[in-house]
Every structure is written in structure tokens, then in C-alpha cells.
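Please treat every number below as a calculation from the coordinates, not as lab data. Here the structure is a predicted model, which is why all the values come from computation and not from measurement. Backbone-built Cβ (ideal geometry, glycine too); neighbour counts: all protein chains shown.
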Amino acid sequence: MPKVAFYTLGCKVNQYESDAMAELFKERGYDVVDFETAADVYVINTCSVTNESARKSRQMIRKASRINPYAKVAVVGCYAQLRSEEISQIPGVDVVIGTKDRRHIVDLVEDAVKRQEQIVRVQDIMGERTFEEIAFKGLRQKTRAFLKIQEGCNMFCSYCIIPYARGPVRSRPMESIIKEAQELAAEGFKEVVLTGIHLGLYGHDLGGKGIHLLEVIRRISQIDGIKRIRLSSIEALELTEEFVEELALMEKFCHHFHIPLQSGCDSVLKRMNRRYTAAQFRERVECIREKMPDVSVTTDVIVGFPGETQEEFEKTFDFIRDTGFYRLHVFPFSPMEGTPAAKMPKPVKKSIKEERSRRLINLSQDLEKDFRQKFLGQTVEVLFEQETDMGTYEGLTGNYMKVEASARKNIHNKLLPVILRENASDHLIGEILC
Ligand code: SF4
């Protein structure tokens with residue numbers, strides 16, 4: 001049986017797509033093996049969101065050729081889309097596919113074997129108008145299944161290369177989404193995480209009335225077996241009052257939003273070409289809290305954006321502290337060639353970026369602990385995902401708090417009531433009530 005190995009860089013969307021491609025290989029009789037072992041085909045699903053991810057993509061391409069110099073190496077994804085020529089020059093690369101045509105990956109690899117020549121299949125993505133269906137399979141490693149419903153982004157934030165790598169907004173047809181959600185329910189998945197590059201714009205390209213994100217959530221919530229629906233990420237301005245009000249009424253909707261902030265200072269937001277002010281962002285968070293008092297809000301922040309002064313950073317710091325997020329993902333700014341921000345004047349020194357990152361990471365740890373503290377003594381539902389090295393089980397609440405509890409039997413993929421007893425360093429410890 002031929003063997004294929006995957007290495008995936010970047011976001012959950014990439015992970016989802018790697019799983020879907022692995023499924024295509026399996027259907028053709030391939031065995032999917034670990035990347036570190038000798039395989040006949042290596043697939044490197046690349047990322048270009050930072051220079052570091054692009055560097056790592058190149059490193060893994062070379063590593064695949066080292067593990068088995070006779071293997072076929074296929075390079076796919078965002079970095080391949082943007083730098084196909086550069087990648088095709090790397091010794092050992094046999095197939096280059098961008099962010100389109102991944103559904104043909106097995107044919108392309110087998111063609112490269114037959115013809116004994118390199119195949120580069122990278123097309124202009126900016127004119128692409130349809131969602132590429134790769135396979136009806138989601139990310140199925142845990143108890144939560146990721147379900148991709150949307151591709152592309154039209155926002156062109158000044159630091160972001162994604163619109164150039166993934167093209168414009170394309171929405172997956174509703175029937176196809178529901179079919180996959182039903183399959184996931186039949187396989188026993190209780191939680192579905194809706195994912196995409198710019199989820200809130202779902203339906204904008206479909207033209208017809210009534211086709212929007214809320215409708216997707218409504219339809220999935222009608223599927224028996226699916227107990228939870230979560231959004232991977234959503235932009236602040238897409239959280240309108242009516243939308244949040246409807247979500248709050250849906251029993252299966254998880255009270256957790258990941259809303260990228262990037263900066264809490266208006267002048268920086270403007271240079272980033274983000275389309276909201278700090279005040280508008282705060283307004284949306286307050287609206288969510290009013291309708292879902294137990295909600296957790298996580299976010300992304302970029303520090304050291306070109307020209308970010310100490311005063312601008314302090315505004316961001318104060319904004320984050322006062323808004324009371326649950327957790328922050330902090331990214332020191334890294335210029336991406338091809339984006340407007342890469343050419344902006346006044347780069348911030350590395351040491352200053354590190355110092356600002358450190359301060360925000362410390363703040364994030366404090367905010368997280370404070371948030372969890374409020375739930376001590378309460379009973380919450382936890383979907384248990386995995387056994388720990390200590391023999392206990394770990395899982396997540398609907399509002400994304402990690403909870404550990406002891407159990408006498410296997411409680412993997414069980415949704416159980418837990419009373420929260422202790423606030424540990426990065427999670428809560430509770431007692432199962434049944
Ligand atoms: S909204 Fe901005 S940061 Fe997010 S994918 Fe689109 S361009 Fe990139």
C-alpha cells in the first residue's frame with residue numbers, strides 16, 4: 001500500500017483542508033502515515049501569514065526530501081499560491097498547487113510520477129467565484145469537528161496577505177454544509193465549529209435572500225445529535241444586535257466569540273485598514289455581554305505595527321484591560337512582502353515589540369484567571385475530549401473554559417454536568433455530578 005504523509009502549517013482552515021486531502025488519498029488506497037516516517041508522497045500544506053510561517057514552509061519541504069529522497073513532494077496552500085515560482089525551484093519539489101485544485105491532488109501527484117516531470121498547477125485566484133469542495137470530511141481528531149463553510153476575504157487589512165492568497169469571498173452551498181453536518185452527527189460528533197477565512201461574510205456572494213451565517217447556524221441546530229455549534233472567529237462589525245439576539249435564543253449556540261481586535265487605538269486601526277473604531281468594538285462586546293452574561297470573548301492583537309508609539313500601545317493595553325477579554329493571542333508585527341504595511345515607515349524595534357508582547361501576555365494570563373474565578377461554585381456542561389497523563393479527563397465548556405475532572409469510566413465525547421471547584425493555573429478543576 002503506498003504511503004502519504006502530511007505536514008500542515010498555519011490556521012484551522014489549513015488543517016481542515018489537509019484532512020480533506022488525506023481523505024482523497026485514502027480513497028485511492030494510500031495509507032496516511034506520520035510525517036517523520038518514510039513515505040512515498042509528502043504533502044506540505046503551507047502558510048504565508050508571517051515570514052516565519054513562510055520560512056518554516058520552505059524548511060519542511062526540504063525536510064521531506066531528506067526523509068525520503070525518492071518520494072514525491074507536493075506543496076500546496078497559501079505560500080504555494082503566492083510564491084509558486086520560488087517553490088518550484090526548491091530541489092525535490094514535484095507538484096505545486098495553490099489554494100485551488102486541491103481536490104485533484106492525487107491525480108496530479110500520480111501524473112508527476114508517470115510523466116517523471118514537475119507539475120505546477122497554480123492559477124489566478126483573484127477571479128475565482130466558487131467554493132472548492134474537497135471532500136465531506138472535517139477535522140476529526142477530537143470531539144469537536146471543524147466544518148469549513150466559506151473561503152476568501154475582501155477586506156484587505158494592510159498587514160494581511162490572505163486576500164491575495166485565498167481570493168475573494170466564496171460561500172459553500174447550504175445543502176453541502178448540511179450534508180457534512182449530518183454526517184458528522186452520524187459519526188457521533190457533538191460539537192461543530194464553523195470555520196472559514198471570513199466567516200461573517202458567509203452568503204454575501206450568493207446573492208439570494210435568507211442565505212447568511214445565521215441561517216447556517218439555524219439549520220445545523222435542527223440536526224439531532226449535534227449539541228453544540230461554535231464560531232471559529234467573527235469580525236466585530238458583523239455582530240449586529242439582531243444577530244446576537246437570535247444567537248442568544250439558540251440553546252445549542254456556544255457562548256464564546258473570537259473577535260480579532262488587532263489594536264485598541266484608532267490611529268493604528270486606521271493604518272491597519274480595519275473598518276471599526278475601538279469604541280465601536282467595545283459597543284459590540286457590551287451588546288454580546290448584555291444578551292449572554294456568561295460569554296467569553298477572545299481576541300488577536302498585533303504589537304509593534306509600523307509607527308506604533310508608546311502612547312498608542314498604552315491605549316491598546318488599557319482598552320484590552322478595560323474590555324475584559326478572556327484570552328489574547330499576541331502577535332509581534334512581521335512585515336509580509338506584498339502587503340501595504342510591509343512598506344510603511346517607522347518600523348518598531350524588535351526589543352520594543354518583545355516588551356509589548358510580554359506585557360500583553362501577562363495581562364492575558366491575569367484576565368483569564370479572573371474570568372474563570374467568576375464561575376467557581378457554578379455547575380456547567382463540559383464536553384470531555386481527552387484523558388490526561390494523570391488519568392483525569394479534560395474538556396471544554398460552551399464558553400471555552402478548559403475543565404479537568406476525575407472519572408471512574410471513559411468519558412471521552414460525553415457532555416456532562418460539572419461543578420467547578422478550583423481555579424488552577426490554566427484551567428478549572430471540577431467534579432462530575434452524575
Ligand atoms: S479580515 Fe483582514 S486580517 Fe482577516 S483575513 Fe481578511 S484581510 Fe486578513
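Details
- Euclidean distance between Cα centres, region 367-395 to region 5-34, Å: 31 Å
- C-alpha center-to-center spacing [region 398-429, region 180-233] in angstrom: 26 Å
- Mean sequence separation of contacting Cα pairs (under 8 Å, at least six apart), scaled by the length of the chain, corresponds to a relative contact order of 10 percent.
- Lys346-Lys291 FRET efficiency (beta carbon distance; Förster radius 56 Å; 0.05 resolution): 0.85
- If you count Lys pairs in region 254-374 whose Cα atoms are under 16 Å apart, skipping same-chain pairs closer than 8 places in sequence, the total is 4.
- Take every pair of alpha-carbon atoms less than 8 Å apart whose residues are at least six positions apart; their mean separation over the length of region 379-432 yields a relative contact order of 36 percent.
- Estimated Rh, region 3-121: Kirkwood, alpha-carbon pairs, angstrom: 13.7 Å
- Projected over all directions and averaged, the alpha-carbon convex hull of region 254-374 occupies 7.6 nm².
- Reduced Cα scattering model of the chain, Debye log10 I(q)/I(0), q = 0.09, 0.10, 0.13 Å⁻¹: -0.62, -0.77, -1.31
- Between Asp34 and Glu314, residue separation times 0.36 nm minus the direct Cα-Cα distance comes to 96.3 nm.
- DSSP beta bridges in the chain [antiparallel fraction, %, rounded to 5]: 35 percent
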